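Worksheet for the structure shown next.
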């Protein structure tokens, strides 16, 4: 079971340990974005600080239908007690946790300020 909380902006948030292959780790507060089909997005400042290796650039379609080119980096997260290697998209927004990370899990949100965000394996 994974826990987060709803913030005062009515966003479902989840702290996530993100790191690199050399063992450097950092707790990142993420916002769950059900419209994002990737694993995780991070701003360049965090990617540089964690020294994440670049893997590829790929086009993606945003919610407004526009296409942009994203750089992707390899990162390691602790998810449900397990280390997991994922693709991380560079984006100059707040860190977003996407639906690829939630695949195979149930997401429950008590949508009030301070409400519980609970993620359980299916």
(request) Being more than 11 Å from the chain's Cα centre (by Cα), within 23 Å of residue 4 (Cα to Cα) and in contact (Cβ under 8 Å) with a residue 40 or more places away in the chain narrows it down to one of 32, 78, 86, 28, so name that one. (result) 78
(message) Can you tell me which condition residue 4 does not meet? The list is (1) more than 30 Å from residue 110 (Cα to Cα); (2) surrounded by 13 or more Cβ atoms within 10 Å (Cβ to Cβ), and all the others hold.
(response) (1)
(request) Could you pull out the residue among 48, 31, 17 that is surrounded by fewer than 19 Cβ atoms within 10 Å (Cβ to Cβ) and part of a helix (DSSP H, G or I)? (result) 48
(request) Test residue 63 against the stated conditions and say whether it is surrounded by 13 or more Cβ atoms within 10 Å (Cβ to Cβ), assigned to a loop (DSSP other than H, G, I, E, B) and either touching a residue at least 60 places away in the same chain (Cβ under 8 Å) or out of contact with any strand residue (DSSP E or B) (no Cβ under 7 Å at 6 or more places or on another chain) (or both). (result) no
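Laboratory data are not the source of any read-out in this text; all were calculated from the coordinates shown. Computed from a prediction, not measured in an experiment: that's the story for all the values here. Ideal geometry is used to build each Cβ from the backbone, glycine not excepted, and the neighbour counts take in all protein chains shown.
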